[in-house]
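Participant: Structure below; questions to follow.
Every read-out reported here was derived from the displayed coordinates using simple, explicitly stated rules and does not represent laboratory data. Keep in mind that what you see is a predicted model, and the values were worked out from it rather than measured. Using ideal geometry, Cβ is built from the backbone for each residue, glycine included, and neighbour counts are taken over all protein chains shown.
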Amino acid sequence: MHYSDLYLFKDFYLEFLKSRSNEKLRALDVGSRAIGNMGVFGRYLKNPNWEYVGLDMTEGRNVDIISEDPYNYPFEDNSFDVVISGSTMEHVEDIYAWIKELSRITKEWVWIAVPNTCKEHKYPIDCWRVFPDGMKFLLGNVAGLEVMGSGISRHERRTTFGFARKIKI
């Protein structure tokens with residue numbers, strides 16, 4: 001994860017979470033593996049009422065569950081109140097299948113941060129850069145979520161974020 005993801009998470013997302021600090025909440029961090037000195041979201045989700053789960057494709061610090069399939073996670077539909085992902089989408093080949101999977105496993109919210117400009121950084125692959133209009137399309141048209149916001153980080157202009165909620169039927 002890039003540090004700008006943490007700024008975005010704190011600025012935009014914790015404002016929502018603070019209002020729910022007394023509620024039970026399950027949060028899934030997709031692409032949770034901490035690399036080097038890079039920060040992780042889990043430390044910002046410490047609350048006795050909340051359960052944080054880190055998911056990644058490989059073992060590592062901050063990983064609770066390893067998934068062998070990036071498009072089919074080992075969870076039932078609507079398993080998590082919140083699904084977050086920072087600096088992961090660019091490493092996913094089929095972002096359409098991936099974003100649909102995030103929508104499937106969330107009950108309520110999806111929050112994503114992804115680079116819109118930076119050098120290629122294969123881990124093990126590097127496929128995408130996404131801008132706000134692309135984020136809106138992915139969250140709304142592909143995942144079928146209600147887009148609540150998307151934009152570019154004011155802290156560091158190289159990161160795009162998107163925030164959406166599941167449409168209740």
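Participant: Distance from a point 7 Å along Cα→Cβ of Y71 to each backbone N in the stretch 97-124: keep the residues under 20 Å and list them by number.
Facilitator: Residues passing the 20 Å test: 97-106, 123-124.
Participant: State, to one decimal in nm, how far the label point of K107 lies from the label point of K168, with both points 7 Å from Cα in the Cβ direction.
Facilitator: If labels sit at K107 and K168, their model points lie 1.2 nm apart.
Participant: Assuming 0.36 nm per residue, please report the length gained on full extension of the stretch R129 to E59 beyond their Cα-Cα distance.
Facilitator: That pair, R129 and E59, stretches by 22.7 nm at full extension.
Participant: How large is the dipole of the chain about the Cα centre if only Lys and Arg carry +1 and Asp and Glu carry -1, each at its Cβ, rounded to the nearest 20 debye?
Facilitator: Once rounded to the nearest 20, the dipole reads 640 debye.
Participant: Going by the alpha-carbon gyration tensor, a ≥ b ≥ c the square roots of its eigenvalues, is the stretch 54-99 rounded (a/c under 1.5) or, if a/c is not under 1.5, prolate (a/b greater than b/c) versus oblate?
Facilitator: rounded
Participant: Further question: Mind scanning K24/K119; K46/K119; K46/K168 and naming the pairs with a C-alpha gap bigger than 30 Å?
Facilitator: Pairs exceeding 30 Å: K24/K119; K46/K119.
Participant: For the stretch 3-165, what percent of Cα pairs sit more than 26 Å apart?
Facilitator: For the stretch 3-165, the share of Cα pairs beyond 26 Å comes to 18 percent.
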